[in-house]
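Peer 1: Dropping a structure here in structure tokens format, bear with me for questions.
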Amino acid sequence: MSNSLRYRLGGLLAIVIGLVVGWFTIAMQLRAAYSGELDITYDLRPFTLVPLCLVFGAVFLFAGDRWEYRTPDHKNLTTSGWVAFGVVVVLTAVSFWFFQQQFAALGYV
């Protein structure tokens, strides 16, 4: 198995993990809120994990091992790595804000 194929399969696995975690930890809680359940609990970690898996998974799926997201000594991110990480941060903030707005609109405080 080539190195590029491993990266692409890893990207696909990361996307699947992100979707599964997002479904069971975020979407199911919103679904419960829409159906009017009284007590809903959620964790903040999936709001970071899901965008991280989706962004890095998508890049690895499409670019394979050609994407140089870290320096050759594996200690620092390159510019493209920082851009991807910035996208993750923005998606994390936007998804949590959207989640909070939906809960507030439904009367949960």
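The values are calculated or read from the model by the stated rules, or taken from the named source; none is laboratory data. Given the structure is predicted, the values throughout are model-derived calculations rather than measurements. Heads up, the Cβs are rebuilt from the backbone with ideal geometry, glycines too, and the neighbour counts pull from every protein chain shown.
Peer 1: I'd like the residue in the range 26-43 that is modelled with pLDDT of 90 or more and of a type outside the set (G, A, S) and, out of all such residues, is nearest to the chain's Cα centre (by Cα).
Peer 2: Looking at the filtered set, the residue picked out is I26.
Peer 1: Got a sec? Which of D39, D43, D73 is of a type outside the set (S, T, Y) and in contact with a Ser or Thr (Cβ under 8 Å, 6 or more places away or on another chain)?
Peer 2: On inspection, the qualifying residue turns out to be D43.
Peer 1: Okay, next question. Please count how many residues of the range 1-55 are touching a Leu at 6+ places or on another chain (Cβ under 6 Å) and charged (D, E, K, R).
Peer 2: 1
Peer 1: Let me ask something additional. Criterion first (aliphatic (A, V, I, L, M) and exposed (fewer than 15 other Cβ atoms within 10 Å of the Cβ)) does L9 satisfy it?
Peer 2: Judged against the criteria, L9 is a match.
Peer 1: List the number of the failed condition for M1; all other conditions in (1) surrounded by 14 or more Cβ atoms within 10 Å (Cβ to Cβ); (2) part of a loop (DSSP other than H, G, I, E, B) hold.
Peer 2: So M1 meets the others, but not (1).
Peer 1: Would you check which residues across the range 67-82 are of a type outside the set (F, W, Y) and surrounded by 12 or more Cβ atoms within 10 Å (Cβ to Cβ) and list them?
Peer 2: E68, R70, L77, T78, S80, G81
Peer 1: In addition: For residues in the range 64-88 being touching a residue at least 12 places away in the same chain (Cβ under 8 Å) and in a helix (DSSP H, G or I), which is farthest from L13 (Cα to Cα)?
Peer 2: It comes out as S80.
Peer 1: Another question about this same structure. From the list T48, T71, T79, T25, which residue is in contact with an Asp or Glu (Cβ under 9 Å, 6 or more places away or on another chain) and either among the β-branched types (V, I, T) or within 30 Å of S2 (Cβ to Cβ) (or both)?
Peer 2: T25
Peer 1: Restricting to the range 30-41, name every residue that is outside any loop (DSSP other than H, G, I, E, B) and either closer than 12 Å to S95 by Cβ or among the acidic types (D, E) (or both).
Peer 2: The one that is outside any loop (DSSP other than H, G, I, E, B) and either closer than 12 Å to S95 by Cβ or among the acidic types (D, E) (or both): L30.
Peer 1: Ok, one more. Within the range 16-60, which residues are β-branched (V, I, T) and either in contact with a strand residue (DSSP E or B) (Cβ under 6 Å, 6 or more places away or on another chain) or buried (at least 18 other Cβ atoms within 10 Å of the Cβ) (or both)?
Peer 2: I26, V50, V55, V59
Peer 1: Moving to a separate point now. Hey, among A84, A104, which residue is within 17 Å of the chain's Cα centre (by Cα), at pLDDT below 95, among the small types (G, A, S) and under 21 Å from G22 (Cα atoms)?
Peer 2: A84
Peer 1: Consider L44 carefully, then state whether it is in contact (Cβ under 8 Å) with a residue 12 or more places away in the chain, among the hydrophobic types (A, V, I, L, M, F, W, C), part of a helix (DSSP H, G or I) and under 23 Å from W97 (Cα atoms).
Peer 2: No: the conditions fail for L44.
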